[in-house]
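The values are calculated or read from the model by the stated rules, or taken from the named source; none is laboratory data. Only a predicted model underlies this, so the values are computations on that prediction, with no experimental measurement involved. Cβ sites come from the backbone with ideal geometry, for glycine too, and all protein chains shown count toward neighbours.
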Amino acid sequence: MSIRGKAFIAGIYEHPLREIPDRSNSQIHAEVAAGALADAGLSFSDVDAYFCDGSAGFGPLSNADYMGLRLTHVDSTETGGSSYVVHVGHAAEAIAAGKCQVALVTLAGRPRSAAMGGGRGGFGDPTPDALFEGLWGMSGAVTGYALAATRHMHEFGTTSEQLAEVKVAASLHAQHNPNAFLREVFTVEQVLDSPMICSPLHRDDCCVVTDGGGAVVVVSPEVARDLNRTSAKVLGHGEAIKHAENGRLDLTYTGAVVSGPRAFEEAGVSHADIDYVSIYDSFTITVIETLEDLGFCEKGKGGRFVLDGTLVAPHGRLPFNTDGGGLCNNHPANRGGMTKVIEAVRQLRGEAHPAVQVPNCTVALAHGTGGSIGARMGSSTLIMGTEDA
Amino acid sequence: MSSTLPNPVPAVSPGSEEFWAATAEGKLLLRHCDDCGTPIWYPRPFCPACGSLNTSWFEASGRGTVYTFTVVHRSGVPGYRDALPYVVAYVELAEGPRVMTNIVDCDPDQVTVGMPVRVVFHDTGQGNALYRFQPDPSAGADR
């Protein structure tokens with residue numbers, strides 16, 4: 001069974017704030033849920049399925065209670081920042097199987113205003129891997145991604161200038177987004193001159209830290225037909241876990257090598273059909289490796305691929321992250337998968353900022369990454385199209 | 001510099017008691033599978049290569065090469081944040097596994113991918129020691 005054409009994204013909402021010191025996480029979940037449902041023309045009473053990550057509370061129970069949802073299908077799959085891309089895929093599967101009609105997916109978190117829980121959502125005993133990896137001064141996610149970047153540079157000759165091009169492209173888009181956390185246009189030199197955090201990654205190779213959240217509503221074709229709102233059709237989805245392989249980990253690739261082909265196959269489209277991509281951009285190296293692994297360029301050539309404005313909308317060869325991405329716009333709850341889906345839907349609706357709207361955008365790809373490419377990670381690829389795609 | 005790295009006390013969990021006890025005697029133990037022979041990392045009484053529950057300890061050579069590394073210039077980790085810059089690395093042991101660790105006794109700017117290293121142990125004062133790696137001149141490779 002394929003999910004192609006069996007589900008539609010009818011509503012999206014990105015929280016406009018980037019610093020939220022005075023609200024609970026549950027309140028932000030409810031705000032983004034209300035926003036996405038209003039966007040679709042639906043109400044809370046229409047929702048029969050709910051999807052959230054492991055930080056939302058006691059699985060899906062807390063927010064179902066908070067929002068008064070009446071649910072017959074739930075999923076709290078936790079794969080870090082890729083969770084919400086997974087959730088859209090799982091929602092489409094559930095809708096295709098007749099389990100539900102209106103699936104709500106939400107994300108919220110306040111890493112800027114309040115310390116987030118530790119790894120694994122801050123619950124339970126530390127896992128055995130953490131006992132062996134928590135001793136060496138790993139300072140947040142950046143250290144693991146830096147380990148990957150060093151190895152990628154060693155094997156393929158990737159340079160810091162090439163990494164910086166990713167930030168530059170994101171910033172060229174963020175300047176048009178009034179809600180973006182960083183709206184200044186960066187140059188390669190500025191990125192290279194920013195403080196080194198974990199070599200070879202500079203401060204400006206890193207995403208922003210922002211409060212906030214987002215939501216999407218996935219519905220059945222029957223529900224979508226009755227709405228006065230343009231939906232994005234779900235065409236294909238793939239997901240994968242890549243881990244440390246019993247200590248034989250290879251940091252030069254990501255789980256996208258598995259999730260990407262599965263999504264393309266289900267969608268029945270080729271790379272040439274993709275008009276726009278949302279690529280998870282926790283760090284600049286994340287984008288380089290993911291573009292290679294999704295097959296947009298040869299393995300090891302990602303650094304060269306992003307030169308000459310490849311990623312810059314609207315006229316680059318492969319416009320990406322037109323909201324400014326996690327690198328400049330928003331990385332709510334330290335998790336960028338939700339905003340990746342949201343901007344792809346904006347593009348398919350023709351509702352991205354006019355300066356970065358890709359002309360005739362009919363097929364878009366959103367890719368989420370969770371955990372760390374420096375150890376164990378989730379990857380999820382979602383391909384969507386316009387209603388008649 | 002690396003000589004001032006903190007020595008956080010590892011949380012010893014079921015399945016790793018012998019590993020940490022051996023570090024106090026300057027031994028780096030690895031687990032391997034008694035059925036398929038694969039060395040296992042991180043240590044666990046289970047073979048992720050073949051699914052066997054028959055595993056046992058053996059002493060590793062303590063030698064390896066740097067698979068990848070990063071020089072940490074900004075850190076929020078207690079103890080480590082006072083020891084900047086320091087090196088976090090994956091060392092590929094001669095037995096195969098790539099192990100997260102620190103490179104010490106070396107200017108961070110001198111660390112390279114492929115550099116031969118050997119294990120050193122830093123006492124935590126709590127009956128065990130941290131396995132870190134220093135340049136291995138006896139390997140005779142160019143650095």
Quiz prompt | The one condition in (1) more than 9 Å from every other protein chain (Cβ to nearest Cβ); (2) modelled with pLDDT of 95 or more; (3) more than 12 Å from the chain's Cα centre (by Cα) that B:Gln134 fails to fulfil | solution = (3)
Quiz item: So which pairs qualify, if the first residue must be in segment B:104-121 and surrounded by 14 or more Cβ atoms within 10 Å (Cβ to Cβ), the second must be among the aromatic types (Phe, Trp, Tyr), the Cβ gap must be under 6 Å, and the two must be at least 6 apart or on different chains?
Solution: B:Val111/B:Phe69; B:Val117/B:Phe133; B:Val119/B:Tyr131; B:Val119/B:Phe133
Practice problem: Test B:Arg74 against the stated conditions and say whether it is among the charged types (D, E, K, R) and assigned to a helix (DSSP H, G or I). | Solution: no
Exercise. Considering only residues that are over 15 Å from the mean Cα position of the chain (by Cα) and facing another protein chain (nearest Cβ under 8 Å), look in segment B:13-24 and name the one that is farthest from B:Phe58 (Cα to Cα).
Key: B:Ser13
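Per-residue answers, yes or no, for (1) touching a strand residue (DSSP E or B) at 6+ places or on another chain (Cβ under 9 Å); (2) under 27 Å from A:Ile373 (Cβ atoms):
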{"site": "A:Gln27", "(1), (2)": "yes, no"}
{"site": "A:Ala30", "(1), (2)": "yes, no"}
{"site": "A:Phe58", "(1), (2)": "no, no"}
{"site": "A:Ser62", "(1), (2)": "no, no"}
{"site": "A:Asp65", "(1), (2)": "no, no"}
{"site": "A:Asp75", "(1), (2)": "yes, yes"}
{"site": "A:Val88", "(1), (2)": "yes, yes"}
{"site": "A:Ala91", "(1), (2)": "yes, yes"}
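Each row is one residue, and each column tells you yes or no for (1) surrounded by 19 or more Cβ atoms within 10 Å (Cβ to Cβ); (2) among the polar types (S, T, N, Q); (3) more than 28 Å from B:Leu30 (Cβ to Cβ); (4) touching a helix residue (DSSP H, G or I) at 6+ places or on another chain (Cβ under 8 Å).
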position	(1), (2), (3), (4)
A:Pro60	yes, no, yes, no
A:Leu69	no, no, yes, yes
A:Ala92	yes, no, yes, no
A:Ala97	no, no, yes, no
A:Val105	yes, no, yes, yes
A:Arg110	yes, no, yes, yes
A:Gly157	no, no, yes, yes
A:Ser160	yes, yes, yes, yes
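Working carefully through the options B:Glu25, B:Glu92, find the one that is at negative phi, assigned to a strand (DSSP E or B) and charged (D, E, K, R). Break it down stepwise before answering.
Numbers: B:Glu25 fails: assigned to a strand (DSSP E or B).
Only one candidate qualifies: B:Glu92.
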Quiz item: Quick check: is even one residue across segment A:170-189 without any contact (Cβ under 8 Å) to a residue 40 or more places away in the chain, surrounded by fewer than 23 Cβ atoms within 10 Å (Cβ to Cβ), of a type in the set (Ser, Thr, Tyr) and within 23 Å of B:Pro85 (Cα to Cα)?
Solution: no
Quiz prompt | Within segment B:60-76, considering residues that are surrounded by 20 or more Cβ atoms within 10 Å (Cβ to Cβ) and within 11 Å of another protein chain (Cβ to nearest Cβ), the one farthest from B:Thr101 (Cα to Cα) | solution = B:Ser75
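Go through segment A:38-80 and give me each residue that's of a type in the set (Ser, Thr, Tyr) and over 28 Å from A:His367 (Cβ atoms).
Kept after step one, since they are of a type in the set (Ser, Thr, Tyr), are these residues of segment A:38-80: A:43, A:45, A:50, A:55, A:62, A:66, A:72, A:76-77, A:79.
If the condition is that a residue be of a type in the set (Ser, Thr, Tyr) and over 28 Å from A:His367 (Cβ atoms), then A:Ser43, A:Ser45, A:Ser62, A:Tyr66, A:Thr72 are the ones that fit.
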Practice problem: Filter segment B:77-100 for residues that are under 16 Å from the mean Cα position of the chain (by Cα), within 8 Å of chain A (Cβ to nearest Cβ) and within 20 Å of A:Ile197 (Cβ to Cβ) and give the result. | Solution: B:Tyr86, B:Val88, B:Ala89, B:Tyr90, B:Met100
Practice problem: Tell me which residues, restricted to segment A:241-265, are crowded, with 20+ Cβ neighbours inside 10 Å and away from every other protein chain (no Cβ under 13 Å). | Solution: A:Lys242, A:Thr254, A:Gly255, A:Ala256, A:Ser259, A:Gly260, A:Ala263, A:Phe264
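With buried (at least 18 other Cβ atoms within 10 Å of the Cβ) and either within 15 Å of A:Gly247 (Cβ to Cβ) or in contact (Cβ under 8 Å) with a residue 24 or more places away in the chain (or both) as the only criterion, which of B:Glu92, B:Glu18 stands out?
Numbers: B:Glu18 fails: buried (at least 18 other Cβ atoms within 10 Å of the Cβ).
Criteria check complete, one pass: B:Glu92.
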Quiz item: If you go through segment A:358-389 one residue at a time, how many are touching an Asp or Glu at 6+ places or on another chain (Cβ under 8 Å) and in a loop (DSSP other than H, G, I, E, B)?
Solution: 7
Quiz item: If the Cβ limit is 6 Å and pairs must be 6+ apart or interchain, which residue in segment A:32-60 that is within 20 Å of A:Glu93 (Cβ to Cβ) pairs with which residue that is of a type in the set (Ser, Thr, Tyr) and surrounded by fewer than 22 Cβ atoms within 10 Å (Cβ to Cβ)?
Solution: A:Asp48/A:Thr72; A:Cys52/A:Ser76; A:Gly59/A:Ser76; A:Pro60/A:Ser76
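Might you check whether a residue that is part of a helix (DSSP H, G or I) and more than 24 Å from the chain's Cα centre (by Cα) occurs anywhere in segment A:165-185? Steps first, answer last, please.
Within segment A:165-185, the subset part of a helix (DSSP H, G or I) is A:165-174.
So of that shortlist, the ones also more than 24 Å from the chain's Cα centre (by Cα) come out as none.
For segment A:165-185, residues part of a helix (DSSP H, G or I) and more than 24 Å from the chain's Cα centre (by Cα): absent.
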